[in-house]
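Peer 1: Structure below; questions to follow.
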Amino acid sequence: MARLNVNPTRMELSSLKKKLASAQRGHKLLKDKRDELMRQFMNLIRENKQLRSEVEAGIAEANKYMAVAGSVMQREVLETALMIPKQEVELEVSEKNVMSVYIPVFNPKYRTGDADDIYSYGTAFTSVDLDGAISALSDIFPKMIRLAEIEKACQLLADEIEKTRRRVNALEHIMIPDYQETIKYITMKLSENERSTTTSLMKVKDMVLKQSHNFN
């Protein structure tokens, strides 16, 4: 704690009490914000863990199918089959406000809703394992989009949690104690001044009474 360098006056005391009350309100609001940000962050972390496991499993499955397809198909045929995709995807990006943190929202828009449009080739000269690889990647694609969304949101929330934590600590361990210490000091000084003034007045009163008695 450190006492602020201010004049010990009643006006300054009143001003500091208002500042202390404001700091205490701000401290509570920031603590509530920090706690809610942490709750949101932990929810996203749990979802992130689950999605990452599912995406990694899906990629492993797709790689397994693709390895088999590459072993049974000629390279030129495989490359030709994947050369011109039938499906197209556009990614719309918007924002969502979470406790004053704007996190991204990714919304994929497909050219068509036909599930068969993921296959850009005929089946006459291709392996069924290539179908498996394409299907596995198609199944996890929405999860990959969501995973990217969550990871960016976690990064932004983590930054805001750290900023809020520093503000809470500054209020809790520096500003509020400093205000309290200074208020205590000014209150004590004003009390001392009042006692000193009262003592002086009593002495003056005694002197006046003594002089009045002598005149009589």
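The values are calculated or read from the model by the stated rules, or taken from the named source; none is laboratory data. No experiment lies behind these values; they were computed from the predicted model shown. Every residue, glycine as well, gets a Cβ built from its backbone with ideal geometry; the counts of neighbours run over all protein chains shown. Each accessible area value is taken on the protein alone, full model and side chains, heavy atoms only, with ligands, DNA and RNA left out. Shrake-Rupley method; radii C 1.70, N 1.55, O 1.52, S 1.80 Å.
Peer 1: Using bins 5 angstrom wide from zero, how does P(r) for the chain break down, in % of all Cα pairs?
Peer 2: Percent of Cα pairs in each bin: 1, 6, 9, 9, 8, 7, 7, 6, 6, 5, 5, 4, 4, 4, 3, 3, 3, 2, 2, 1, 1, 1, 1, 1, 0, 0, 0, 0.
Peer 1: Also, quick follow-up: Do you know the relative contact order of the chain, to the nearest whole percent, from alpha carbon pairs under 8 angstrom that are 6+ apart?
Peer 2: Reported as a whole number, the value is 37 percent.
Peer 1: With the other protein chains left in place, how much accessible area per residue, in square angstrom, belongs to region 72-207 at a 1.4 angstrom probe?
Peer 2: Working: 8890 Å² over 136 residues.
With all protein chains present, region 72-207 gives 65 Å² per residue.
Peer 1: In whole Å and largest first, what semi-axes does the C-alpha gyration tensor of region 18-73 yield when each eigenvalue is scaled by 5 and square-rooted? Show your work: numbers first, answer last.
Peer 2: Working: eigenvalues 554, 12, 3 Å².
Ellipsoid semi-axes (Å, largest first): 53, 8, 4.
Peer 1: What fraction, in whole percent, of alpha-carbon pairs in region 75-190 exceed 22 Å separation? Show your work: numbers first, answer last.
Peer 2: Details: 4086 of 6670 pairs.
Above the 22 Å cut-off, region 75-190 has 61 percent of its Cα pairs.
Peer 1: Can you give the percent of C-alpha pairs in region 99-159 whose distance is more than 19 Å? All intermediate terms of the calculation are to be shown ahead of the outcome.
Peer 2: Working: 909 of 1830 pairs.
Across region 99-159, Cα pairs with separations above 19 Å total 50 percent.
Peer 1: First check a/c for region 66-142, with a ≥ b ≥ c the square roots of the eigenvalues of its C-alpha gyration tensor; if it is under 1.5, answer rounded, and if not, answer prolate when a/b is larger than b/c or oblate otherwise. Let's see the in-between values first.
Peer 2: Working: a/c = 3.55, a/b = 2.61, b/c = 1.36.
Prolate, since a/c reaches 1.5 and a/b exceeds b/c.
Peer 1: May I pose another question? Can you pull the percent of region 79-130's accessible area that's carbon plus sulfur, 1.4 Å probe, other chains left in place?
Peer 2: On the way: 2020 of 3740 Å².
Within region 79-130, the accessible surface is 54 percent carbon and sulfur.
Peer 1: How much area per residue is accessible in region 8-71 when the probe is 1.4 Å and only protein heavy atoms are counted (Å²)? Present the calculation step by step, with values, prior to reporting the outcome.
Peer 2: Values: 4230 Å² over 64 residues.
Heavy-atom SASA per residue in region 8-71 reads 66 Å².
Peer 1: From the P(r) of region 1-95, could you give the percentage of C-alpha pairs in the tail past 16 Å? It would help to have the intermediate numbers written out before the result.
Peer 2: Values: 3560 of 4465 pairs.
More than 16 Å apart: 80 percent of the Cα pairs in region 1-95.
Peer 1: Which of Asn43, Asn97, Asn107 moves the most in a Gaussian network model of the chain with Cα springs under 10 Å?
Peer 2: Asn97
Peer 1: Could you tell me which residue out of Tyr110, Met175, Leu91 lies farthest along the dipole of region 85-195 toward its positive end? Charges go on the beta carbon: Lys and Arg +1, Asp and Glu -1, centred on the Cα centre.
Peer 2: Met175
Peer 1: Relative to 2.2 N^0.38 Å, what does the C-alpha radius of gyration of region 1-44 come to as a ratio? Two decimals please. Could the numbers behind the result be given before it?
Peer 2: Values: Rg = 16.5 Å, N = 44, 2.2 N^0.38 = 9.3 Å.
Against the compact-globule rule of thumb, the ratio is 1.78.
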